[in-house]
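Chemist: Okay, handing you the structure first.
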Amino acid sequence: MCGIIGINSNKSVSASIINSLKKLEYRGYDSAGIATLHAGSINEVKSEGRVDNLEKNSVVQNMVGTIGIGHVRWATHGLPNSINAHPHSSQNVSVVHNGIIENSTLLKKFLVSKGHKFKSQTDTEVIVHLITENLKTENIINSITKTLKSLHGSFALGIIFKDQPDLIIGARRGSPLAVGYGPNENYLGSDSYALKSMTNKITYLSDGEFCVIKKDHVEFFNEDGIKINKKVLELSSEEEKHDKGDYKHFMAKEIEEQPTTLKNGIKEYVDASNNDINIFNFPWKTNEISSITLIGCGTAYHSCMMAKYWFEELTTLNVNVDIASEFRYRKNRFKKDTLYVFVSQSGETADTYAALSLCKSKEMKTCSVVNVIESSIARDSEFVMPIHCGTEIGVASTKAFLGQILILYILALKLGLLRKDLKRELFNKKLKDLKELPDLVQQTLSIDNKIQTISKTFNDAKGSMFLGRGFSYPIALEGALKLKELSYIHAEGYPAGEMKHGPLALIEEGMPVVVLAPRDDYYKKTISNMQEVIARGAKVLLITNKSKDEIISENIWETIEVETTGADLLPFLLTVPLQKLAYYSALKKGYDIDKPRNLAKSVTVE
Ligand code: M6R
């Protein structure tokens, strides 16, 4: 996590740095800081909390300097306070850092023995002192090369020097970093999004590389300090506008945008006139793939779980699902006939990116389902299937989830058809249902009043459970995650059939339990499991779909009926009330819905 910006210009840079930091807040928002170089001295201002706090500081408002670096932090080492905020500076050097230095304790010991004094609890400060130490005997390039070689772990760095009025160094290992080119000024940013308001000409650093940014040109070096050439890419110059419109929160807006997300995805891949799905330039023949492994984190992992059910239903492929942080360190059996699919909204999640890099190093087939198409995961995958849901600002993923599962469903349908696992008539029927889905989601969105009342019970409880079977199980997990991250209420997602193997012991009088029981093949089984929790005092919120058949159960506390469609598409509809439950529950508690505590939108540390 954390965000970096650096600007080397002819004019004062502090206002532009603050503006870019605001854009980077999705990467971390527990503290922020800025350092500029003016008249041979480094001026540094840092503050706890949001960039707004930093901006209000009168010193920042009057800050001069035509070269500077800024940072938003998501704490890894040390409390989220102004001392641990970045930049960290010595007399000569100021550094901003994303990532984690794993050997910081050892390095600190060495540096203290050399007389260096530390001010913060961070791992980053060792980088400052190491460069300062190396500068005693080396020139800038050599001191950077030497310093980077001593660091274990991951980093993206922005560095300025007291006696270098025209130089910012950027360095990358593990954490993404981009260089931008402007008129008479150049930039450093932790992603192109941060730079987009200033330029659309970008170079991405690869692992092990560093760069020297001057006002009028940029040079790139490999890990041995040898100059290399890099390409300048021209990105789309359109800047998306981000405002909440009439909504109180981005999350509320993003939930309501879901019908559009689905329409966009369907328009992109479904060939309505030929009743087909087009996945242009898919690089592999179907007989080259006999299994699929889906990898992601958090909500994206739940998308992978969802897709497992669909791939098993619609194809005869073997399907595996993995959490990226587990996959990257396990002794995996890599197989040439496996398609590895990486699912990520941001495309920058460190663990997912590391899992992709691992698969690439083994020369596996790699495909990504991402929202940010300029991201590291999208750039480095062999094939990309974009979600096209527009920027998602709320930390809690909503429209990206529906966007991800839509693309995965489409991929499963198409592979099922191509492999002849799925009959044409059935494919056509599913395609027809799919085209109707955006309207059904739209209708399902109008359940606010009921959900608002229900959310109070969840807020008053010690904890809650979300149960489902089959297609509904991954949605139960996602519903529980949403409630946890927004309302800070303990919520567990569980396969309904597993309750009696332990978790049933948690059920006590009045405990709210969400049961997802759509009228599918699992309906009767789930209803039986629901009875088991009702019998033990649970207050059950049953979420099912509309049907002419009566609900075959008594003593249900509340029922929500979503619209009706084919069983495999019901997960889209079941998701909506769960997103709204989490939203209203957090709203009632007065929490910061778009920026929940301790979290960040893009998790760029492992
Ligand atoms: O950007 P990604 O989709 O790779 O992010 C993965 C998770 O960090 C993310 O889904 C997270 O779990 C969300 N905050 C959930 O709402």
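The values are calculated or read from the model by the stated rules, or taken from the named source; none is laboratory data. Only a predicted model underlies this, so the values are computations on that prediction, with no experimental measurement involved. Reconstructed Cβ throughout: ideal geometry from the backbone, glycine too, with neighbour counts over all protein chains shown. Calculation scope for accessible area: heavy atoms of the full protein, side chains included, ligands and nucleic acids excluded. Shrake-Rupley method; radii C 1.70, N 1.55, O 1.52, S 1.80 Å.
Chemist: When you go through (1) open to solvent by 50 Å² or more (accessible area, probe 1.4 Å); (2) under 18 Å from Gly180 (Cα atoms) one by one for His38, which number turns out not to apply?
Modeler: If we test His38 against (1) open to solvent by 50 Å² or more (accessible area, probe 1.4 Å); (2) under 18 Å from Gly180 (Cα atoms), just (2) comes out false.
Chemist: Any residue at all in the stretch 584-594 that is on the phi < 0 side of the Ramachandran plot, touching a strand residue (DSSP E or B) at 6+ places or on another chain (Cβ under 9 Å), open to solvent by less than 10 Å² (accessible area, probe 1.4 Å) and within 16 Å of the ligand (Cβ to nearest atom)?
Modeler: The answer is no; no qualifying residue exists.
Chemist: Can you pull out the residues in the stretch 195-221 that are open to solvent by 20 Å² or more (accessible area, probe 1.4 Å) and within 21 Å of Asn184 (Cα to Cα)?
Modeler: Lys196, Ser197, Met198, Asn200, Lys201, Tyr204, Lys214, Lys215, Asp216, His217, Val218, Glu219
Chemist: Select, from Asn142, Asn84, Asn134, Asn98, the only residue that is touching a strand residue (DSSP E or B) at 6+ places or on another chain (Cβ under 9 Å) and outside any loop (DSSP other than H, G, I, E, B).
Modeler: After ruling out the rest, the residue left standing is Asn98.
Chemist: Still on this structure, please answer the following. Output the strands (runs of 3 or more DSSP E) that fall wholly within the stretch 1-74 and possess 2 or more residues being within 19 Å of the chain's Cα centre (by Cα), or say none.
Modeler: Those strands (runs of 3 or more DSSP E) span 3-8, 67-73.
For every residue, the table says whether it meets (1) in contact with a helix residue (DSSP H, G or I) (Cβ under 9 Å, 6 or more places away or on another chain); (2) open to solvent by 30 Å² or more (accessible area, probe 1.4 Å); (3) of a type in the set (Ser, Thr, Tyr).
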{"position": "Gly245", "(1), (2), (3)": "yes, yes, no"}
{"position": "Glu254", "(1), (2), (3)": "yes, no, no"}
{"position": "Gln258", "(1), (2), (3)": "yes, no, no"}
{"position": "Gly265", "(1), (2), (3)": "yes, no, no"}
{"position": "Thr286", "(1), (2), (3)": "yes, yes, yes"}
{"position": "Ser290", "(1), (2), (3)": "no, yes, yes"}
{"position": "Leu294", "(1), (2), (3)": "yes, no, no"}
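Chemist: So, in the stretch 388-413, of the ones that are near the ligand (Cβ under 10 Å from one of its atoms), open to solvent by less than 10 Å² (accessible area, probe 1.4 Å) and of a type in the set (A, V, I, L, M), which residue ends up nearest to Trp74 (Cα to Cα)?
Modeler: Residue satisfying both the conditions and the ranking: Ala396.
Chemist: Looking at Phe383, Phe327, which is the one that is aromatic (Phe, Trp, Tyr) and either at pLDDT below 95 or away from the ligand (no atom under 16 Å from the Cβ) (or both)?
Modeler: Testing whether each residue is aromatic (Phe, Trp, Tyr) and either at pLDDT below 95 or away from the ligand (no atom under 16 Å from the Cβ) (or both) leaves just Phe383.
Chemist: In addition: Considering only the stretch 471-512, state which residues are among the aromatic types (Phe, Trp, Tyr), away from the ligand (no atom under 16 Å from the Cβ) and more than 20 Å from Leu569 (Cα to Cα).
Modeler: Answer for the stretch 471-512, where residues must be among the aromatic types (Phe, Trp, Tyr), away from the ligand (no atom under 16 Å from the Cβ) and more than 20 Å from Leu569 (Cα to Cα): just Tyr494.
Chemist: Something else: Kindly indicate whether Ser361 is without any contact (Cβ under 8 Å) to a residue 40 or more places away in the chain and either within 14 Å of the ligand (Cβ to nearest atom) or open to solvent by 20 Å² or more (accessible area, probe 1.4 Å) (or both).
Modeler: Working: without any contact (Cβ under 8 Å) to a residue 40 or more places away in the chain: yes; either within 14 Å of the ligand (Cβ to nearest atom) or open to solvent by 20 Å² or more (accessible area, probe 1.4 Å) (or both): yes.
Against the criterion (without any contact (Cβ under 8 Å) to a residue 40 or more places away in the chain and either within 14 Å of the ligand (Cβ to nearest atom) or open to solvent by 20 Å² or more (accessible area, probe 1.4 Å) (or both)), Ser361 qualifies.
Chemist: Another question, if that's okay. With Asn84, Asn98, Asn134 as the choices, which residue is over 27 Å from Pro165 (Cβ atoms), at pLDDT 90 or above and open to solvent by less than 40 Å² (accessible area, probe 1.4 Å)? Show your work before the answer.
Modeler: Numbers: Asn98 fails: over 27 Å from Pro165 (Cβ atoms); Asn134 fails: over 27 Å from Pro165 (Cβ atoms).
Testing whether each residue is over 27 Å from Pro165 (Cβ atoms), at pLDDT 90 or above and open to solvent by less than 40 Å² (accessible area, probe 1.4 Å) leaves just Asn84.
Chemist: Does the stretch 286-305 hold any residues that are modelled with pLDDT of 95 or more, away from the ligand (no atom under 16 Å from the Cβ) and of a type outside the set (Val, Ile, Thr), and which are they?
Modeler: Glu288, Ser290, Ser291, listed by residue number.
Chemist: What are the residues in the stretch 330-355 that are hydrophobic (A, V, I, L, M, F, W, C) and either modelled with pLDDT under 95 or within 14 Å of the ligand (Cβ to nearest atom) (or both), if any?
Modeler: Result: Val341, Phe342, Val343, Ala350, Ala354, Ala355.
Chemist: Gly180 is checked against (1) within 26 Å of Lys11 (Cα to Cα); (2) in contact with a strand residue (DSSP E or B) (Cβ under 8 Å, 6 or more places away or on another chain); (3) assigned to a loop (DSSP other than H, G, I, E, B) and fails just one. What number does that condition carry?
Modeler: Evaluating Gly180 over (1) within 26 Å of Lys11 (Cα to Cα); (2) in contact with a strand residue (DSSP E or B) (Cβ under 8 Å, 6 or more places away or on another chain); (3) assigned to a loop (DSSP other than H, G, I, E, B) leaves (3) as the failure.
Chemist: So which residues in the stretch 458-473 are in contact with a strand residue (DSSP E or B) (Cβ under 8 Å, 6 or more places away or on another chain), in a helix (DSSP H, G or I) and open to solvent by less than 30 Å² (accessible area, probe 1.4 Å)?
Modeler: Passing the criteria: Phe458, Ser472.
Chemist: Please determine whether any residue of the stretch 222-232 is open to solvent by 50 Å² or more (accessible area, probe 1.4 Å), in a loop (DSSP other than H, G, I, E, B), at negative phi and touching a helix residue (DSSP H, G or I) at 6+ places or on another chain (Cβ under 7 Å).
Modeler: yes
Chemist: Quick test for you: out of Leu151, Leu188, pick the one residue that is open to solvent by less than 10 Å² (accessible area, probe 1.4 Å), more than 22 Å from the chain's Cα centre (by Cα) and not small (Gly, Ala, Ser). It would help to see each step written out before you state the result.
Modeler: Details: Leu188 fails: more than 22 Å from the chain's Cα centre (by Cα).
That would be Leu151, the only listed residue that is open to solvent by less than 10 Å² (accessible area, probe 1.4 Å), more than 22 Å from the chain's Cα centre (by Cα) and not small (Gly, Ala, Ser).
Chemist: Sort out which residues of the stretch 137-175 are of a type in the set (Gly, Ala, Ser) and either at pLDDT below 95 or closer than 19 Å to Val218 by Cα (or both), and write them in order of number.
Modeler: If the condition is that a residue be of a type in the set (Gly, Ala, Ser) and either at pLDDT below 95 or closer than 19 Å to Val218 by Cα (or both), then Ser143, Gly153, Ser154, Ala156, Gly158, Gly170, Ala171, Gly174, Ser175 are the ones that fit.
Chemist: For the structure I just gave you, tell me whether Ser528 is exposed (fewer than 15 other Cβ atoms within 10 Å of the Cβ) and either touching a residue at least 24 places away in the same chain (Cβ under 8 Å) or more than 16 Å from the ligand (Cβ to nearest atom) (or both).
Modeler: yes
Chemist: Something else about it: Looking only at residues that are among the polar types (S, T, N, Q) and either part of a loop (DSSP other than H, G, I, E, B) or open to solvent by less than 10 Å² (accessible area, probe 1.4 Å) (or both) in the stretch 546-583, which one is nearest to the ligand (Cβ to nearest atom)? Full working, then the answer.
Modeler: So the first thing to find is which residues in the stretch 546-583 are among the polar types (S, T, N, Q), and the list is 547, 553, 555, 559, 564-565, 575, 579.
Checking which are either part of a loop (DSSP other than H, G, I, E, B) or open to solvent by less than 10 Å² (accessible area, probe 1.4 Å) (or both) leaves us with 547, 553, 555, 564-565, 575, 579.
Working: Ser547: 30, Ser553: 31, Asn555: 32, Thr564: 27, Thr565: 25, Thr575: 12, Gln579: 10 Å.
If we take residues in the stretch 546-583 being among the polar types (S, T, N, Q) and either part of a loop (DSSP other than H, G, I, E, B) or open to solvent by less than 10 Å² (accessible area, probe 1.4 Å) (or both), then Gln579 is nearest to the ligand (Cβ to nearest atom).
Chemist: What number of residues within the stretch 422-452 are open to solvent by 50 Å² or more (accessible area, probe 1.4 Å), modelled with pLDDT of 95 or more and outside any helix (DSSP H, G or I)?
Modeler: Total meeting the criteria: 1.
Chemist: Among the residues of the stretch 365-373, are any within 14 Å of the ligand (Cβ to nearest atom) and surrounded by fewer than 18 Cβ atoms within 10 Å (Cβ to Cβ)? It would help to see each step written out before you state the result.
Modeler: In the first step, residues of the stretch 365-373 are kept if they are within 14 Å of the ligand (Cβ to nearest atom); the result is 368-373.
Now restrict to residues that are surrounded by fewer than 18 Cβ atoms within 10 Å (Cβ to Cβ): 373.
There is at least one residue in the stretch 365-373 that is within 14 Å of the ligand (Cβ to nearest atom) and surrounded by fewer than 18 Cβ atoms within 10 Å (Cβ to Cβ).
Chemist: Considering every residue within the stretch 311-323, establish whether at least one is at pLDDT 95 or above and on the phi > 0 side of the Ramachandran plot. Talk me through it step by step, then tell me what you get.
Modeler: First, the residues of the stretch 311-323 that are at pLDDT 95 or above: 311-323.
If we keep only those that are on the phi > 0 side of the Ramachandran plot too, we end up with none.
No, because not a single residue in the stretch 311-323 is at pLDDT 95 or above and on the phi > 0 side of the Ramachandran plot.
Chemist: Confirm whether Gly298 is at positive phi and open to solvent by less than 20 Å² (accessible area, probe 1.4 Å).
Modeler: Considered against the rule, which asks whether it is at positive phi and open to solvent by less than 20 Å² (accessible area, probe 1.4 Å), Gly298 comes out as no.
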